[in-house]
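Student: Here's a structure for you.
The values are calculated or read from the model by the stated rules, or taken from the named source; none is laboratory data. Source: prediction; values computed, not measured. Calculation scope for accessible area: heavy atoms of the full protein, side chains included, ligands and nucleic acids excluded. Shrake-Rupley method; radii C 1.70, N 1.55, O 1.52, S 1.80 Å.
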Amino acid sequence: QVQLVESGGGLVQAGGSLRLSCTVSGIILRLNAMVWYRQAPGKQRELVATITTGGTTNYGDSVKGRFTISRDNAKNTVFLRMNSLKPEDAADYYCSARGSLRDYWGQGTQVTVSS
């Protein structure tokens, strides 16, 4: 059984930083990429960052230059380092694993940014 567990969310002041973690347990067949999404109340889900199994990273335009996705394969964990946080970054952040057959999702972690 595959499980994704996010952690690291919380309350931070604008301009501050947080690091989110997503730990994967279980076996994912033909994993293609790990992805961070976010969704704020009343807004559509937004792709934040992607890291492929080959190590290629991509970012949403709104977070480029501020957020960094990385991974620790030994710990089956993907990270999202978020710097220079803005109030508009506040959202529930979700980790997803893209397999060849299906995607897996975590339960999310909430990020609140005070102005």
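Student: Give me the accessible area of Lys75, 1.4 Å probe, in Å² rounded to the nearest 10.
Tutor: 130
Student: A further question follows. For Leu101 and Gln44, compute 0.36 nm times the residue count separating them, minus their Cα-Cα distance, and round to one decimal in nm.
Tutor: Full-extension gain reported as 18.1 nm.
Student: Using only the Cα atoms of segment 4-115, what are the Rg and Dmax in Å?
Tutor: 13.3, 42
Student: Given a 1.4 angstrom probe, what's the average accessible area per residue across the chain, in square angstrom?
Tutor: Details: 6400 Å² over 115 residues.
Heavy-atom accessible area per residue stands at 56 Å².
Student: Sticking with this structure for a sec: Can you give the relative contact order of the chain as a percent, counting alpha carbon pairs under 8 Å and 6+ residues apart?
Tutor: Details: 288 pairs, mean separation 42.9, N = 115.
Answer for the chain is 37 percent.
Student: Starting from the Cα of Lys75, draw a straight line to each of the lysines and keep only those under 28 Å, dropping any in the same chain fewer than 8 residues away.
Tutor: Lys64
Student: Same structure, new question: Mind checking which of Arg102, Arg19, Arg71 has the largest fluctuation in a GNM of the chain, springs on alpha carbons under 10 Å?
Tutor: Among Arg102, Arg19, Arg71, the largest mean-square fluctuation in the Gaussian network model of the chain belongs to Arg102.
Student: Something else now. So which residue, out of Ala40, Ala91, Ala74, gets the largest mean-square fluctuation from a GNM of the chain using Cα contacts under 10 Å as springs?
Tutor: It is Ala74.
Student: Quantify, in whole percent, the carbon and sulfur part of the accessible surface of the chain (1.4 Å probe; protein heavy atoms only).
Tutor: Of all accessible area on the chain, carbon and sulfur atoms account for 45 percent.
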